[in-house]
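Quick notes on the structure that follows.
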Amino acid sequence: MTGKIAGKRRVFSGIQPTGDIHLGNYLGAIKQWVESQELYDNIFCIVNSHAITTRQDPATLRAKSYELGAMLLACGIDMDKSSLFIQSEIDEHAALAWILDCNIPMGDMSRMTQFKDKSSKNPKNINVGLFNYPALMAADILLYQASGVPVGEDQKQHLELTRDVATRFNRDFGECFTIPEPIIPKIGARVMGLDTPESKMSKSAKGENHAIFLLDSPEAIVRKCKKAVTDSQSGIIFDESRAGLYNLLCIYEIFTQQSRAAIEAEFAGKGYGHFKAALAEVLIDSLRPIRENYARLQREGGYIERILQEGADKVRPIAKATYQRAKELVGLV
Ligand code: TYM
């Protein structure tokens, strides 16, 4: 496989440069990207072409793409171990998406729940790109022959579609794509909104206490933890039927790396107020280095732009090789 690090499994993942990065993005995706960098041959992508499926202000989109680059480095993405680039720098993403579009049945695409969800939230701009979004996502992954895709649970259905189109293409035209598998964390794969524990934490939710953002001030974190919706029962225990508390406890579990039994023992006989204060403290301490790294990177003018350009130059030959093969197999060259 072109450019592959010998003996290492290749992983690919992407993140949209819209809104601010929250705990869901971090725990579902970024944290596992960072922690498994040593293990894999990693390619990470800032998917700005996906972002324009909803209307974006051009100048803001451009700025956000670089800010997200800085955020990912601040979280610990290491350019010696991983490649990081902006999607639109590599034309083959859109080009392969077209070939895949022509090989995805309407019925399969129509089943995508994210499209239904996003179009119901945004009824004034239900565009063809939003419908086709999963084909572009499949192209992202398949271009790089990735065998693993570290994502949160909400991307699982898109991964199934990617696997289906790749399998069908290989069968009908000849071997071209590696069939990828999702890599979904055991805890943190679906972080719920703090104000709406029945729905996942999302960038587009409106409530001011909905999400904890990685750049939130300590005061904002304390306020959001305090206001987080729980229930009228007592006892700080892991019980999935108590959705609000369970969500907070899972967040606490990930950041403290303590066992569930130890956490329940720590808060035995204590109330929500006590637990929420402890959670806020852990979050403030854990997110502080990210905030500090981010502020430092923001001061290093031109650095992020250069890193992202180098990332694109490094992975472009892989994308070109796969696209060329797909083109030949379907008879376009
Ligand atoms: P995006 O930008 O919405 O989210 C980036 C990553 O964060 C995860 N995530 C969550 N995980 C746990 N709990 C949550 N509440 C939560 N919210 C978001 C997402 O699962 C994702 O891993 N379609 C993708 C971007 C994409 C992509 C790709 C991903 C485009 N091409 C190729 C992987 C491979 C998306 O919109 O992610």
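The values are calculated or read from the model by the stated rules, or taken from the named source; none is laboratory data. Here the structure is a predicted model, which means the values were calculated and not measured. Here Cβ is always computed from backbone atoms with ideal geometry, including for glycine, and neighbour counts include all displayed protein chains. Side chains included, ligands, DNA and RNA excluded: accessible areas come from the protein's heavy atoms. Shrake-Rupley method; radii C 1.70, N 1.55, O 1.52, S 1.80 Å.
Here is how the numbers come out for the structure above:
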| read-out | value |
| --- | --- |
| Residue among R163, R171 that alone is of a type in the set (K, R), more than 12 Å from the ligand (Cβ to nearest atom) and over 20 Å from the mean Cα position of the chain (by Cα) | R171 |
| Test for F169: is it in contact with a helix residue (DSSP H, G or I) (Cβ under 6 Å, 6 or more places away or on another chain), assigned by TED's automatic domain parsing to the domain that holds A321 and open to solvent by less than 20 Å² (accessible area, probe 1.4 Å) | no |
| Looking only at the range 222-251, and only at residues there that are touching a Leu at 6+ places or on another chain (Cβ under 6 Å) and surrounded by fewer than 20 Cβ atoms within 10 Å (Cβ to Cβ), the one that is nearest to A29 (Cα to Cα) | F238 |
| Matching entry among D285, D239 (being modelled with pLDDT of 95 or more, within 26 Å of L72 (Cα to Cα) and over 22 Å from the mean Cα position of the chain (by Cα)) | D285 |
| Any chance N25 is among the polar types (S, T, N, Q), under 20 Å from R291 (Cβ atoms), within 15 Å of the ligand (Cβ to nearest atom) and not assigned by TED's automatic domain parsing to the domain that holds I290 | yes |
| Scope the range 302-320; condition surrounded by 17 or more Cβ atoms within 10 Å (Cβ to Cβ) and under 20 Å from A166 (Cβ atoms); matching residues | V315, I318, A319 |
| Matching residues, the range 119-147, being touching a residue at least 40 places away in the same chain (Cβ under 8 Å) and over 19 Å from Y323 (Cα atoms) | K121, N122, N125, N127, G129, L130 |
| Test for K156: is it over 22 Å from K276 (Cβ atoms), open to solvent by 60 Å² or more (accessible area, probe 1.4 Å), within 16 Å of the ligand (Cβ to nearest atom) and not in a loop (DSSP other than H, G, I, E, B) | yes |
| Residues of the range 174-203 classified as in contact with a Ser or Thr (Cβ under 8 Å, 6 or more places away or on another chain) and among the small types (G, A, S), total | 1 |
| Pairs, first open to solvent by less than 20 Å² (accessible area, probe 1.4 Å) in the range 199-217, second within 9 Å of the ligand (Cβ to nearest atom) and of a type in the set (F, W, Y), C-beta under 7 Å, six or more apart | L214/Y26 |
| Qualifying positions in the range 179-195 - more than 9 Å from the ligand (Cβ to nearest atom), in contact (Cβ under 8 Å) with a residue 24 or more places away in the chain and surrounded by fewer than 19 Cβ atoms within 10 Å (Cβ to Cβ) | I179, E181, I187 |
| Tally of residues being within 19 Å of the chain's Cα centre (by Cα), part of a helix (DSSP H, G or I) and of a type in the set (A, V, I, L, M) across the range 106-131 | 1 |
| Residue selected from the range 28-46 under the condition within 10 Å of the ligand (Cβ to nearest atom) and open to solvent by less than 10 Å² (accessible area, probe 1.4 Å), by the criterion nearest to H210 (Cα to Cα) | G28 |
| A74 vs. criteria away from the ligand (no atom under 14 Å from the Cβ), buried (at least 20 other Cβ atoms within 10 Å of the Cβ) and at pLDDT 95 or above | yes |
| Of all residues in the range 137-150 being touching a helix residue (DSSP H, G or I) at 6+ places or on another chain (Cβ under 6 Å) and either more than 18 Å from I104 (Cβ to Cβ) or open to solvent by 30 Å² or more (accessible area, probe 1.4 Å) (or both), the one that is farthest from the ligand (Cβ to nearest atom) | Y144 |
